[in-house]
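Data first, discussion second: the structure below is written as structure tokens.
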Amino acid sequence: MAPVPRILIVEDDEIISNLITIMLEQKGYHVLGSVVSGEEAILKSAELEPDLVLMDINLCGFMDGVSAARYIFQFFHYPIIFLTALCDDTLLERAKSSQPYGYLMKPFTYKELTSNIQMALYNHSMRDFKTDKYLFGDPKKVMSALEAVIVTDTKGRILFFNPYTIRLLEIPEKQILMNHLKNVVTLFNNKTNEPIDDPIPHVVNQMIVVINEFNTDIITNNGKHRMATVIARPIKDDHNDLFGVFVHIKEKTPDQIKMSKRA
């Protein structure tokens with residue numbers, strides 16, 4: 001017996017979201033939940049691993065559905081179907097960049113919704129996605145890693161972070177998402193007692209990898225200093241265009257700290 005498709009709804013109109021949920025459950029699909037903003041959709045996609053995302057284009061929050069869909073598909077390879085009451089050439093051109101599997105105009109019928117979902121799931125299953133094509137690693141491994149993994153846009157706003165980031169930085173989720181990295185991750189040189197520059201501008205402007213490995217502390221939200229290695233590198237989409245910045249923070253072990261103090 002085939003597994004029941006698991007679907008995430010991204011829709012900021014509660015009435016429409018509830019109607020879609022009823023339609024999906026009537027078809028026998030499992031609704032993972034509903035979120036109202038694009039930035040929430042990125043995090044929930046990583047957390048819930050949906051088989052498909054139904055994405056409204058006009059959303060509340062910092063980003064619209066087209067931008068969110070582009071990140072979700074590039075990061076996790078989950079198929080997207082757009083839902084919208086608007087249709088113009090400019091919007092369609094933008095939507096193409098996220099490689100959607102469908103584009104449904106509101107209002108739509110039960111048959112239109114379910115048939116589009118069936119086709120999208122089938123077409124996605126026929127595509128060959130290799131794990132080495134993920135922009136910053138297999139999502140399951142990233143989510144379970146005991147190291148902080150953060151992805152920002154080219155302006156330094158945090159789009160994604162794994163659960164360990166909250167633990168390492170001792171900061172609530174709401175203070176991380178869409179905040180600038182420099183406001184969330186404070187880097188400090190423990191030898192010179194000086195702050196370390198935000199790596200994002202260097203990565204974006206020079207397209208280089210920035211490594212802070214020696215004498216580097218991160219300062220948590222509670223003021224604790226933790227020695228760490230911090231690596232920031234550019235990430236590119238499948239058209240080789242700069243897409244964002246990957247930031248990896250690995251706290252040093254007690255043995256590594258002892259060695260660094262001897263150096």
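The mean sequence separation of alpha-carbon pairs under 8 Å and at least six residues apart, normalised by the residue count of the chain, gives a relative contact order of 12 percent. Per residue, the chain reaches -10500 deg cm²/dmol at 222 nm when only DSSP H runs of four or more residues are counted, each adding -39500 (n - 2.57).
When only the Cβ of Lys, Arg, Asp and Glu is charged (+1, +1, -1, -1), the dipole of the chain relative to its Cα centre reaches about 980 debye. Note on the chain: dipole from Cβ charges, positive end direction compared against Met63, Ile166, Pro79; the farthest Cα belongs to Ile166.
Electrostatic bookkeeping for Met143 treats Lys and Arg as +1 and Asp and Glu as -1; over the other residues with beta carbon under 10 Å from its beta carbon, the sum is -1. Per-residue Cβ neighbour counts within 10 Å put Tyr134, Tyr29 in the sequence Tyr134, Tyr29, beginning with the fewest. Its Cα centre serving as origin, the range 6-129 has a Cβ charge dipole (Lys and Arg +1, Asp and Glu -1) of approximately 380 debye. Candidates Leu121, Leu92, Thr154 compared by Cα position along the dipole of the range 38-161: farthest toward the positive end lies Leu121, with charges placed on Cβ. Under a model in which nothing but the beta-carbon of Lys, Arg (+1) and Asp, Glu (-1) is charged, the range 138-262 shows a dipole of about 440 debye around its Cα centre.
Listed by chain and number, the aspartates and glutamates whose C-alpha is less than 15 Å from the C-alpha of Lys140, apart from same-chain residues fewer than 8 away, are Glu47, Glu49, Asp51, Asp132. In the structure shown, do any of Lys182/Lys252; Lys96/Lys236; Lys44/Lys174 have a Cα-Cα gap over 19 Å, and if so which? Listed pairs above 19 Å: Lys182/Lys252. Tell me the angle of helix 38-48 to the major Cα principal axis of the chain, expressed in degrees between 0 and 90 and rounded to the nearest ten. That works out to roughly 90 degrees.
Going by Cα centres, the range 1-60 and the range 153-203 are how many Å apart? The range 1-60 and the range 153-203 have Cα centres spaced 29 Å from each other. Taking the fewest neighbouring Cβ atoms within 10 Å as the starting point, the ordered list for Ser144, Ser45 is Ser144, Ser45.
So, counting K/R as plus one and D/E as minus one, what does the shell of residues with Cβ under 10 Å around Val210 add up to? Residues close to Val210 contribute a combined charge of -1.
Taken together, the values in this text are just the output of simple stated rules run on the coordinates, not laboratory data. Note that this is a predicted model, so its numbers are computed, not measured. Here the Cβ is made from the backbone with ideal geometry for all residues, glycine too, and neighbour counts use every protein chain on show.
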